[in-house]
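Structure record follows, encoded as structure tokens.
Only the coordinates and a few stated rules stand behind these numbers; no lab work does. Keep in mind that what you see is a predicted model, and the values were worked out from it rather than measured. A quick note on method: Cβ atoms are made from the backbone with ideal geometry, for glycine too, and the neighbour counts reach across all protein chains shown.
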Amino acid sequence: GAGPAHGEGAGPGAEEGAGDGPSPLRVLLGYVRPHRAALFSGALLSLVTGATGLALPLVARRLIDNLSEDRPIATALVLMSLLVAGNAVLGALGGYVLQRTAESVVLTARKSLTSWLLRLRISAVDGTEPGDLLSRATSDTTLLRAMTVQTLIGFGTGGLTLLATLVMMGFVDLVLLAVTLGVIGLAATVIGLIVPRISKASKRAQQSVGRMGAVLERVLGALRTVKASGAERREERAVHAAAEDSWRESVRSAKWSALAGNTAGLSMQVAFITVLAVGGARVATDSIEVGSLVAFLLYVFYLMAPIQQVVSAVTQYQVGAAAISRIQEVRRLPAEPGALDAAPLPEAGAAPAAVAFLDVRFRYGPEQPYVHHGVSFTVPPRGMTAFVGPSGAGKTTVFSLVERFYDATSGRVLVDGRDVRDWPLAELRSAIGYVEQDAPVLSGTLRENLVFGAPDTGEEALAEALRTTRLDGLVARLPEGLDTVVGHRGTKLSGGERQRVAIARALLRRPRLLLLDEATSQLDAVNEAALRETVAEVARETTVLVVAHRLSTVTSADRIVVMDTGRVLAVGTHAELLAASPLYAELATTQFLATADLA
Ligand code: ADP
Ligand code: MG
């Protein structure tokens with residue numbers, strides 16, 4: 001994979017301006033590229049169908065003219081029917097191939113965009129609405145379907161026909177061609193003024209769809225809180241407002257599209273009248289024959305269809321361009337190099353990791369205040385290190401930096417003496433088991449949740465993990481055992497059960513470094529004691545970092561790091577810190593005891 005990037009926002013395409021990057025057509029062609037053979041055959045089939053359709057009357061004439069004793073009318077009819085049927089089959093085939101290609105283009109765009117979404121840096125996602133990102137991957141990519149067919153085919157066949165007709169007109173009379181081109185040029189100018197509005201309105205419509213997704217995601221993600229707060233009505237208004245915005249902008253886009261189409265139609269009428277006037281004058285002065293004028297006027301009519309095709313290609317291009325611009329906005333968000341690489345989990349008995357922070361300063365963004373002001377500590381391999389401090393001290397941030405969810409603004413984060421930015425990302429993360437604060441349970445079955453970080457887990461290891469996290473009782477109680485679906489965000493589990501699932505998930509990765517962020521805060525005293533024993537046992541073979549609020553957990557740690565407002569105040573054992581750190585002494589007597597009582 002690509003080499004690791006250093007420093008803030010160093011991901012691919014980071015810090016690019018919104019208007020930069022390839023044109024929408026280039027992006028579309030990129031998605032079309034893998035399917036260009038299919039697109040070409042589809043277009044060819046459509047052209048052949050059109051041509052044979054046009055030729056049918058001529059064939060009919062020949063057949064009828066050649067009626068004779070040997071070739072009765074019945075034969076002619078059969079031949080004609082075969083031709084018509086063949087034409088219909090060709091047409092259907094061409095249509096199918098084109099639609100299929102368009103769907104393939106949508107698929108390519110969706111795969112490419114969703115891969116990118118999965119690689120995004122957390123800092124990039126922090127500033128976005130997941131529901132909006134979702135709408136870009138689903139709704140905006142859908143718009144590429146019409147864009148592929150109408151734009152590429154419309155420009156191709158429509159443009160070709162248009163050109164051929166204009167050439168034919170030139171053969172008839174150059175002056176009348178100049179008149180026609182003048183009218184077309186005028187219409188093109190007007191349409192050129194209209195067209196950007198289509199794109200703008202389409203983009204706003206899609207943005208509203210994104211807003212709809214964002215509100216819905218917020219509501220469905222916190223349904224209980226929404227209901228408990230009686231906020232359904234307000235949220236309903238917000239969703240409906242977004243839907244109405246989308247409607248309004250789509251209607252606006254439709255209006256401009258209709259106007260563009262009408263302008264094209266009108267220009268042909270104008271061309272007809274102008275050609276009639278100028279041509280009539282030329283006939284009067286004997287510059288051209290009447291027959292030429294008639295032929296030319298016929299060609300003006302022939303122009304109608306390809307011009308409409310080209311105009312609809314242009315308007316459809318604008319709609320697609322708006323979608324592509326939203327897709328490209330995601331593509332410009334910084335992604336992690338190597339996030340999708342595979343790295344094997346540590347072997348059983350792999351060496352435990354060492355962790356060190358060297359004068360780490362960190363802020364979540366250039367505009368944000370620093371949350372680490374020069375954090376330094378060293379954790380040798382093996383043993384348990386507890387991080388304590390008031391909330392907001394920066395404890396969770398320590399873990400985020402170890403996992404390299406973010407990069408330190410300055411200073412160094414070392415795992416095994418190696419800067420995390422110099423680790424292949426997948427390798428770094430495969431060495432770590434992480435139970436985040438308020439760790440989620442993913443939708444799916446209990447088993448899927450447990451082996452999420454270690455899909456190759458055997459039944460024995462799974463049973464062992466269930467035992468050590470005391471989930472075996474729960475599994476035995478559930479009617480479908482491990483195959484019970486635990487629902488969105490684990491709604492079918494208690495808080496303590498969710499935490500134990502998260503711990504089991506982390507343990508099954510046999511990590512060389514285990515990070516537990518308030519992972520036992522919701523356990524009852526009995527389960528907490530059992531988990532403490534498990535963790536103590538794990539800590540004999542693995543490096544364990546815990547953020548804990550319970551005195552029992554903290555006192556069993558080999559060393560304790562006391563943090564406050566982004567600084568390390570003291571490091572030591574419980575006994576040392578009681579004497580040396582006033583903050584620790586205070587926490588020990590107030591907070592630790594208070595949360596222990598909660599159990
Ligand atoms: P702790 O875990 O000790 O309670 P955290 O490390 O979670 O503290 O947070 C430290 C500070 O960083 C807090 O002031 C918090 O508001 C801020 N913070 C945490 N996450 C983010 C984020 N994603 N973006 C901006 N600020 C954040
Ligand atoms: Mg925290």
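All alpha carbon pair distances within region 339-416 were sorted into 5 Å bins beginning at 0; the resulting P(r) in whole percents reads 3, 13, 21, 23, 17, 12, 8, 2, 0. Derived scalar couplings between HN and Hα for region 358-368 equal 10, 6, 7, 10, 8, 9, 6, x, x, 8, 9 Hz in order, rounded to whole Hz, by the Karplus curve 6.51 cos²θ - 1.76 cosθ + 1.60 (θ = phi - 60°), x for Gly and Pro. Could you compute the longest span of the chain free of GluC sites (Glu not before Pro) located in DSSP loops and having at most 11 other Cβ atoms within 10 Å, not counting the site residues? Here the longest run is 70-346. Calculated over the chain, the projected area of the Cα convex hull averaged across directions stands at 39.2 nm². Using the Karplus relation 6.51 cos²θ - 1.76 cosθ + 1.60 with θ = phi - 60°, the per-residue 3J(HN,Hα) values for region 25-37 come to 5, 4, 4, 4, 4, x, 6, 7, 2, x, 10, 5, 5 Hz, with x marking Gly and Pro.
Proximity of backbone amide H atoms, modeled 1.01 Å from N, is registered between Ala335 and Arg121 at under 5 Å, excluding neighbours fewer than 5 places apart on the same chain. If you model region 374-465 as an ellipsoid using its alpha carbon gyration tensor, with each semi-axis the square root of five times an eigenvalue, the axes come out at 28, 17, 14 Å, biggest first.
Pairs of Lys residues in the chain that lie 8 or more places apart, or on two chains, and have C-alpha atoms under 23 angstrom apart add up to 4.
Give the long-range amide H neighbours of Val546: residues separated by 5 or more places, or on another chain, with amide H under 5 Å away, using H modelled in the peptide plane at 1.01 Å from N. Counting only residues 5 or more places away or on other chains, the set is Thr385, Ala386, Phe387, Leu516. Evaluating 6.51 cos²θ - 1.76 cosθ + 1.60 at θ = phi - 60° for every residue in region 456-471, the Karplus couplings come out as 8, 4, x, 4, 5, 4, 5, 4, 4, 5, 5, 5, 5, 9, 6, 8 Hz, glycine and proline recorded as x.
Since only Ser135, Pro352, Leu266 are under comparison, the one whose Cα sits farthest along the positive direction of the charge dipole of the chain, derived from C-beta charges on Lys, Arg, Asp and Glu, is Leu266.
Our note on the geometry: Cα centres of region 37-93 and region 408-441, 68 Å apart. Amide H to amide H, with H built 1.01 Å from N, Tyr364 comes under 5 Å of Val371, counting only residues 5 or more places away or on other chains.
Go through Ala548, Leu531, Val59 and say which Cα lies farthest out towards the positive end of the charge dipole of the chain; charges sit on Cβ, +1 for Lys and Arg, -1 for Asp and Glu. Value computed over the given set: Val59.
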